[in-house]
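Notes to accompany the following structure.
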Amino acid sequence: MALYTYTRSLLLAVVMLVTLMVQAQKTLTWAGPQFDHSHSGNMYNTTPGVNFEGWFGKHLGVAYSILYVPTGSDQYYFYTGGGQAAGVYLIKEAIKEKSGLSLAIPLGMVSFILPETYLFRFPLAPKSQLAVFISPYGFEFEKNRETKEEDYNISYEYGIRYYFAPNQWTQIAPQIGYKNIYGDEEPGISLGLSVMLKIKKKPPVTED
């Protein structure tokens with residue numbers, strides 16, 4: 001019975017994933033490297049990673065970021081969306097415990113696709129646009145490999161992102177934001193830069 005429940009949940013998750021992939025074909029998608037620098041109190045953090053963006057029409061978009069940097073000989077810092085972190089955890093637990101977690105896989109799939117960032121943009125000129133963004137549940141994770149000590153926090157960030165398209169396949173997007181850990185009294189300023197390539201054949205954003 002446990003195997004049947006687990007298999008049914010896995011099949012449901014696969015169906016959901018395929019459906020989402022089909023829907024994703026309707027969006028304009030960009031991807032590329034991203035660099036973030038955060039300053040909060042006495043803490044500084046410069047982190048490289050990758051950024052993915054999907055746009056639904058002219059104004060509404062979502063983004064996903066994955067950032068990673070070593071912070072010492074045995075330590076590292078990792079950032080992604082809270083939905084992605086929760087999704088990986090739920091699916092991992094469902095695979096490890098094959099009974100009693102019948103909803104963990106589909107819930108993990110739903111959680112995993114929750115956007116890390118929401119964007120709303122409007123045109124400034126033929127090759128430039130401005131967007132306001134909010135990242136309501138960032139997952140901030142630090143680990144010491146030697147001692148196995150781990151620490152994580154949930155952050156929020158909002159700000160503006162400027163898009164410049166030198167051609168129809170490339171976007172350069174600097175940003176500035178206000179960032180803080182939930183419950184922390186020392187907010188910070190974040191700066192970022194993304195260089196993205198269009199990975200879907202659709203009309204370029206410069207023609208919106």
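The values are calculated or read from the model by the stated rules, or taken from the named source; none is laboratory data. Just so we're clear, the structure is a prediction, and the values are computed from it rather than from any experiment. Glycine gets a Cβ as well: all are built from the backbone with ideal geometry, and neighbour counts include every protein chain shown.
Computed quantities for the displayed model
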item: Single unsatisfied condition, THR80 versus (1) among the polar types (S, T, N, Q); (2) at pLDDT below 90; (3) within 18 Å of ILE134 (Cα to Cα); result: (2)
item: Verdict on PHE122 being surrounded by 15 or more Cβ atoms within 10 Å (Cβ to Cβ), part of a strand (DSSP E or B) and aromatic (Phe, Trp, Tyr); result: no
item: The stretch 131-145: number of residues that are farther than 25 Å from ILE113 by Cα and in a strand (DSSP E or B); result: 1
item: Any pair with Cβ under 9 angstrom, 6 or more apart, that starts in the stretch 182-208 at a residue that is modelled with pLDDT under 90 and ends at one that is part of a loop (DSSP other than H, G, I, E, B) and β-branched (Val, Ile, Thr); result: LYS200/THR27; LYS202/THR27
item: Among (1) more than 22 Å from ASN153 (Cβ to Cβ); (2) modelled with pLDDT of 85 or more - the single one ILE95 does not satisfy; result: (2)
item: Residues located in the stretch 170-185, provided they are within 16 Å of the chain's Cα centre (by Cα) and charged (D, E, K, R); result: LYS179
item: Residue that is farthest from the chain's Cα centre (by Cα) [pool: residues in the stretch 146-169 that are in a strand (DSSP E or B) and aromatic (Phe, Trp, Tyr)]; result: PHE164
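To keep it simple, each residue is scored yes or no on (1) in contact with a helix residue (DSSP H, G or I) (Cβ under 7 Å, 6 or more places away or on another chain); (2) farther than 30 Å from TYR163 by Cα; (3) at pLDDT below 85; (4) of a type outside the set (A, V, I, L, M).
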site	(1), (2), (3), (4)
LEU10	yes, yes, yes, no
ASN45	no, no, yes, yes
LEU60	no, no, no, no
PRO115	no, no, no, yes
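Per-residue answers, yes or no, for (1) surrounded by 15 or more Cβ atoms within 10 Å (Cβ to Cβ); (2) of a type outside the set (Asp, Glu):
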| residue | (1), (2) |
| --- | --- |
| LEU114 | yes, yes |
| GLU142 | yes, no |
| GLU146 | no, no |
| GLU149 | no, no |
| GLU157 | yes, no |
| ILE160 | no, yes |
| ASN180 | yes, yes |
| ILE189 | no, yes |
